[in-house]
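Peer 1: Before anything else, here's the structure in question.
The values are calculated or read from the model by the stated rules, or taken from the named source; none is laboratory data. Owing to the predicted nature of the structure, the values given are computational and were not obtained by experimental measurement. Here Cβ is always computed from backbone atoms with ideal geometry, including for glycine, and neighbour counts include all displayed protein chains. Side chains included, ligands, DNA and RNA excluded: accessible areas come from the protein's heavy atoms. Shrake-Rupley method; radii C 1.70, N 1.55, O 1.52, S 1.80 Å.
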Amino acid sequence: QPGFVEHVGERSGGVRFDHHHWLAFAGLAEAGVVLAASSDDPCAPVSPLWGAAKGASRRTSGGIDFEPGQAVPVDDWIEAYTRGAAFAGGQEHERGSITVAKRADLVVLDADVGGGDPCVAETWVAGACVFTRRDTAIS
């Protein structure tokens, strides 16, 4: 849950450990663990784009750089929220990637996820468009 960078980073009081890391995302990924991102909704922010940004920057809203060596790129977080979450839930054969015969649940972003602040332009559920942002011109 990369969104915990905000909560734990702001409240840990600078406590560090000699042989352990807070939210050791990079260490887990380097060890071959499939990252599966999620939130603690409704008691924590649910936005995957916000969580991905926190996991990639390791910077809190208060400006604390919280163990930046454990950062994982935004693109990897998007995969963790999709393919990784499906794998963790035992649903990798029906969702988590855009593949023939899988459920077509997806979002279309209006920018490169690594290059700024993307917004959701469209949302698709089971192959049907259920949301289109009014000011979006997707080609």
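Peer 1: Taking the condition of being hydrophobic (A, V, I, L, M, F, W, C) and at pLDDT 95 or above, how many residues in segment 87-102 meet it? Lay out the reasoning, then the answer.
Peer 2: Going through segment 87-102, the residues hydrophobic (A, V, I, L, M, F, W, C) turn out to be 87-88, 98, 100-101.
Filter again for at pLDDT 95 or above, leaving 87-88.
Of the residues in segment 87-102, 2 are hydrophobic (A, V, I, L, M, F, W, C) and at pLDDT 95 or above.
Peer 1: Continuing with this model, one more query. May I ask you to list the residues in segment 40-64 that are assigned to a helix (DSSP H, G or I) and closer than 16 Å to residue 11 by Cα? Explain how you work it out, then say what you get.
Peer 2: In the first step, residues of segment 40-64 are kept if they are assigned to a helix (DSSP H, G or I); the result is 48-57.
Within segment 40-64, 54 is the sole residue that qualifies.
Peer 1: Which count do you get for residues in segment 36-47 that are open to solvent by 30 Å² or more (accessible area, probe 1.4 Å) and closer than 13 Å to residue 77 by Cα?
Peer 2: Adding up the residues that qualify gives 4.
Peer 1: The conditions are (1) open to solvent by 60 Å² or more (accessible area, probe 1.4 Å); (2) aliphatic (A, V, I, L, M); (3) assigned to a helix (DSSP H, G or I), and residue 107 fails exactly one of them. Which is it?
Peer 2: With respect to (1) open to solvent by 60 Å² or more (accessible area, probe 1.4 Å); (2) aliphatic (A, V, I, L, M); (3) assigned to a helix (DSSP H, G or I), residue 107 is out only on (3).
Peer 1: Right, something else. Exactly one of (1) open to solvent by 60 Å² or more (accessible area, probe 1.4 Å); (2) outside any helix (DSSP H, G or I); (3) among the small types (Gly, Ala, Ser); (4) closer than 24 Å to residue 1 by Cβ is unmet by residue 90. Its number?
Peer 2: If we test residue 90 against (1) open to solvent by 60 Å² or more (accessible area, probe 1.4 Å); (2) outside any helix (DSSP H, G or I); (3) among the small types (Gly, Ala, Ser); (4) closer than 24 Å to residue 1 by Cβ, just (1) comes out false.
Peer 1: Shifting gears a bit: Can you spot a residue in segment 9-21 that is of a type in the set (Gly, Ala, Ser) and within 29 Å of residue 108 (Cβ to Cβ)? It would help to see each step written out before you state the result.
Peer 2: Applying the first criterion (of a type in the set (Gly, Ala, Ser)) to segment 9-21 yields 9, 12-14.
Applying the additional criterion that residues be within 29 Å of residue 108 (Cβ to Cβ) yields none.
Checking segment 9-21: not a single residue is of a type in the set (Gly, Ala, Ser) and within 29 Å of residue 108 (Cβ to Cβ).
Peer 1: Please find, within segment 1-18, the residue that is farthest from the chain's Cα centre (by Cα) out of those that are open to solvent by 80 Å² or more (accessible area, probe 1.4 Å) and either under 13 Å from residue 67 (Cα atoms) or acidic (Asp, Glu) (or both). Walk me through it before giving the result.
Peer 2: Here is the first cut: in segment 1-18, the ones open to solvent by 80 Å² or more (accessible area, probe 1.4 Å) are 7, 11, 16-18.
Those still in the list that are either under 13 Å from residue 67 (Cα atoms) or acidic (Asp, Glu) (or both) too: 16-18.
Working: 16: 24, 17: 25, 18: 28 Å.
The residue in question is 18.
Peer 1: Across segment 48-69, what is the total count of residues that are of a type outside the set (A, V, I, L, M) and open to solvent by 50 Å² or more (accessible area, probe 1.4 Å)?
Peer 2: Going through segment 48-69, the residues of a type outside the set (A, V, I, L, M) turn out to be 48, 50-51, 54-55, 57-63, 65-69.
Add one more test, that the residue is open to solvent by 50 Å² or more (accessible area, probe 1.4 Å), and what stays is 48, 50, 57, 59, 61-62, 65, 68-69.
Final tally of qualifying residues: 9.
Peer 1: Residue check: is residue 77 open to solvent by 60 Å² or more (accessible area, probe 1.4 Å), aromatic (Phe, Trp, Tyr) and under 16 Å from residue 38 (Cα atoms)? Explain how you work it out, then say what you get.
Peer 2: Values: open to solvent by 60 Å² or more (accessible area, probe 1.4 Å): no; aromatic (Phe, Trp, Tyr): yes; under 16 Å from residue 38 (Cα atoms): yes.
No; evaluated as a whole, the condition is false for this residue.
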